[in-house]
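Each remark here refers to the structure printed beneath this line.
Rule-based calculations on the coordinates, nothing more; no lab input. Because the structure is a prediction, the values reported are computed rather than measured. As a convention, Cβ positions derive from the backbone with ideal geometry for all residues, glycine included, and neighbour counts pool all protein chains shown.
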Amino acid sequence: MINSWVYIESEGSSIEDVSLEIIGRLNELKNDIDLKITGFYLGTKPGDLPRIAISYGVDHFIFLKSDLFSFYDSQTFVNGISDLVRERNPDIMLFGATYQGRDFAGRLAARLKTGLAANAISLNIDKKGLLYTGVPGYGGRFIAEIVNMKARPQISTVRQGIFKKMERDESRSGEIEIVDVELKGFNQKLKLLERKKLDIKDITKSERVVIIGNGAGNNLKPIEEFAKLIGADIGVTRPVADRGLAPRDIQVGSTGVSLNSKIAIIFGSSGSNHFVSGIERCKFVISVDIDKNSNIFNYSDYCVVADMFKLLPFLIKRMGGDL
Amino acid sequence: MRNIIVCVKVVPKTEDVTFDPVTKTLDRSKAENQINEADKNAIEAAIVLKEKYGGKVILLSMGPMFFEQFLKIGIAMGADDAILLSDRAFAGADSYPTALTLATAIKKIGDYDLIICGEESSDAGLGQVPSQIAEFLDLPQALFVSSIEVSDGLIKVKRSIRGGHEIVEMPMPAVISVELGMNQPRFPDFKRKRWADKEFKLKIWNMKDLNLEEGMVGLKGSYTFVNRFIETIPPQRKREFIEGSLEEQANKLYEIIMKILSS
Ligand SMILES: Cc1cc2nc3c(=O)[nH]c(=O)nc-3n(C[C@H](O)[C@H](O)[C@H](O)COP(=O)(O)OP(=O)(O)OC[C@H]3O[C@@H](n4cnc5c(N)ncnc54)[C@H](O)[C@@H]3O)c2cc1C
Ligand SMILES: Nc1ncnc2c1ncn2[C@@H]1O[C@H](COP(=O)(O)O)[C@@H](O)[C@H]1O
């Protein structure tokens, strides 16, 4: 049997989609290989979390418990889990490629003297338990298929929005294990002073997305108004997020999210590699750019050469009341 | 403040790298190189700290000899010193031996308060090296940082989390990675650049200088291997241009959008 562990990233009783997506993918792989899926979490009290994870398809849940796990700190978490990993020696450990997942997995791989494949967009496991991950490089133009034949566990972080989570099913059953972790002699150095979380929509699931590119400057209003009229969620390119005009969570591209929408309408982007890898899976792409040579048109179904600020009033007028 | 060490990587420009479909390898030979963008933000952040709290900014890089000219750009921006870790045996390293080699050099430099990395490199783009350096040095870490404050041996930073941010505080020495675009890197000073090109000598350390062994560095010290490269073929798009006056374009666009939405 091949043992795979999935980091359950969670706050309260809601689990990050990416963790559930990884579990979904591993369940698909179960059709061909003998695979056990263990979810693990580090926290202060288990609550409903183990049951929820099981209802989404883990066979086994390990809750590592310590008062020091009340907020995320990589040093604390790595110290908290490394003994258990050494003892159980799973073949594979997977983390969402979120801020936290990447931070945690990188340090853990160094501790365990093993390799890590980051940001995987494909996951395959052969019968011997060798993990093949597809890791995008150069902004997503190439994918390197990575293997680690040298050490265990094989660790990888997985990009969100690539795999499908399973439907929640309360009748699924699984084993729940609670492990009290004693961090003897460990002196926690990092202190959490403040935490701000906004409720931001996960646009990897949106059907309609309007993307604001750098060409919009600081004037996002007309695009936002247009998006509202067609019932679309907003995404942005990196420079727009860099300028603090939008949260990183809705940045599209290699260091942001990948869309899966039916329609993506892009205003004022030059179509760099790092960006277009995020719109590959959209069914229809429409772009508006003032420069007829903008590279974004090479990645678009419908191309409009126009100044967005002149075009948008007509578009908004045409839509007025119709939707 | 004591030494501020900035880890700097030189990377090929993404757009210049090509794929050879026959050999199934990447061709970087024609690519123009540059300092990894986020590392420029790291250098800027270090210089700003130095200006406020004193200390020395030391650039540290592992790579081939041609990196030298790029480290001199960092010197011209205002860094005080630069060390290039260069040895044939370092080639082909994945993040584990990269971080190990850098961490070993950091110990050798000594007397440091802060290690600043970029959030990730634009070529492989793994963002693992900072976390692994912190582990090898047994230091606290905060990644994806967008602002920094220092006082009384403590560093307070704002780090990104999903959907927001946290403010965390750690005693120094500590390791941080800064977000791409967290500041506006200054231009190299022209006079300083001339001085750097003519007179500044950077230190070059090899495997022996670091007391490392063959099996620990480079390809041999790596755990992950590229089984094969796959070029991603972007989906074929229609690329239909919508012509006419602005009003006509808007009307046609409207029809197209409505058709897609109702399909
Ligand atoms: C490691 C790394 C990771 C990165 N990750 C990402 C990522 O995840 N996502 C991302 O987006 N970028 C990413 N980038 C940045 C990326 O390389 C580009 O710099 C960025 O995508 C450019 O954004 P843009 O196309 O909106 O802006 P620009 O390149 O500035 O293009 C603006 C466009 O707007 C047009 N324009 C200007 N005015 C108007 C007008 N009035 N009307 C219509 N059009 C107008 C211009 O003709 C131009 O084509 C990354 C870079 C690096 C190095
Ligand atoms: N060869 C290297 N030399 C110096 N610093 C590096 C090197 N590789 C990575 N780094 C640092 O680690 C950061 C993250 O890199 P990576 O983990 O490769 O995405 C970079 O932004 C650099 O600050």
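For segment A:2-180, lysine pairs separated by 8 or more sequence positions, or belonging to different chains, with Cα-Cα distances below 15 Å total 9.
Treat segment A:57-207 as a sphere of radius equal to its Kirkwood radius over Cα pairs and apply Stokes-Einstein at 37 °C in a medium of 0.692 mPa s; give the translational diffusion coefficient in µm²/s, rounded to a whole number.
Diffusion coefficient, whole number: 187 µm²/s.
Suppose we keep just the DSSP beta bridges with both residues in chain B; what percent of those would be antiparallel, to 5? Provide the component values of the computation, followed by the final result.
Numbers: 20 of 44 bridges.
Close to 45 percent.
Judged by the mean number of other Cβ atoms found within 10 Å, the most tightly packed of the peptides A:175-188, A:143-156, A:251-264 leads the ranking A:251-264, A:143-156, A:175-188. If only the Cβ of Lys and Arg carry +1 and only the Cβ of Asp and Glu carry -1, the dipole of chain B around its Cα centre is close to 460 debye.
If a paramagnetic tag sat 7 Å from the Cα of B:Met65 along the Cα-Cβ line, which residues of segment B:84-111 would have the backbone N under 20 Å from that point? In segment B:84-111, the label zone of B:Met65 (backbone N under 20 Å from the point 7 Å along Cα→Cβ) covers B:84-93. Round to the nearest 10 and give me the degree value, 0 to 90, for the angle of helix A:308-319's Cα axis relative to the longest principal axis of chain A. Here the helix axis deviates by roughly 90 degrees. For segment B:222-236 and segment A:159-206, compute the distance between their C-alpha centroids and round to whole Å. Rounded to whole Å, the Cα centres lie 29 Å apart. Going from the residue with the fewest nearby Cβ atoms within 10 Å to the one with the most, B:Val226, A:Val18, A:Val276 rank B:Val226, A:Val276, A:Val18. Peptide B:252-260 shows a mean partner chain C-beta count of 6 within 10 Å per residue C-beta. Extents of segment B:133-239, taken as max minus min of Cα coordinates on every principal axis and listed largest first, are 56, 45, 39 Å. Dipole magnitude for chain A: about 600 debye, using +1 per Lys or Arg Cβ and -1 per Asp or Glu Cβ, origin at the Cα centre.
Does the protein assembly as shown classify as rounded, prolate or oblate by the C-alpha gyration tensor (a ≥ b ≥ c root eigenvalues; a/c under 1.5 gives rounded; else a/b over b/c gives prolate, otherwise oblate)? Verdict is oblate for the protein assembly as shown.
Counts of other chain beta carbons within 10 angstrom of each beta carbon in peptide A:283-292 average 3. Given +1 at the Cβ of Lys and Arg, -1 at the Cβ of Asp and Glu and no other charges, the dipole of the protein assembly as shown around its Cα centre is 680 debye to the nearest 20. Per residue, the convex hull around the alpha carbon atoms of chain A comes to 152 Å³. Measuring nothing but alpha carbons in chain B and taking Rh as the Kirkwood radius, the Rg to Rh ratio lands at 1.08.
Relative contact order of segment B:3-216, taken over Cα pairs closer than 8 Å and 6 or more residues apart, is 26 percent.
Note on segment A:233-323: Cα-only Rg and Dmax are 13.2, 37 Å.
Going highest first, how would you order B:203-209, B:166-172, B:249-255 by mean Cβ packing within 10 Å?
Listed from highest to lowest mean packing, they are B:166-172, B:249-255, B:203-209.
Among the residues of A:294-305, the average count of other protein chain beta-carbon atoms within 10 Å of the residue beta-carbon is 5. Based on Cα contacts under 8 Å between residues 6+ apart, segment A:203-318 shows a relative contact order of 25 percent. By the beta-carbon count within 10 Å of each Cβ, the least crowded to most crowded order of A:Phe69, A:Phe275, B:Phe241, fewest first, is B:Phe241, A:Phe69, A:Phe275. Counting only residues at least eight positions apart within a chain, or on another chain, the lysines with an alpha carbon under 21 Å from that of B:Lys72 are B:Lys9, B:Lys13, B:Lys40, B:Lys50, B:Lys56, B:Lys191, B:Lys193, B:Lys198, B:Lys201, B:Lys203. Ordered by the number of other Cβ atoms lying within 10 Å of each residue's own Cβ, fewest first, B:Thr25, B:Thr18 fall into the sequence B:Thr25, B:Thr18. Shown here for segment A:52-133: trypsin sites (Lys or Arg not before Pro) in loop regions (DSSP other than H, G, I, E, B) with at most 12 other Cβ atoms within 10 Å, namely A:Lys113, A:Lys127, A:Lys128.
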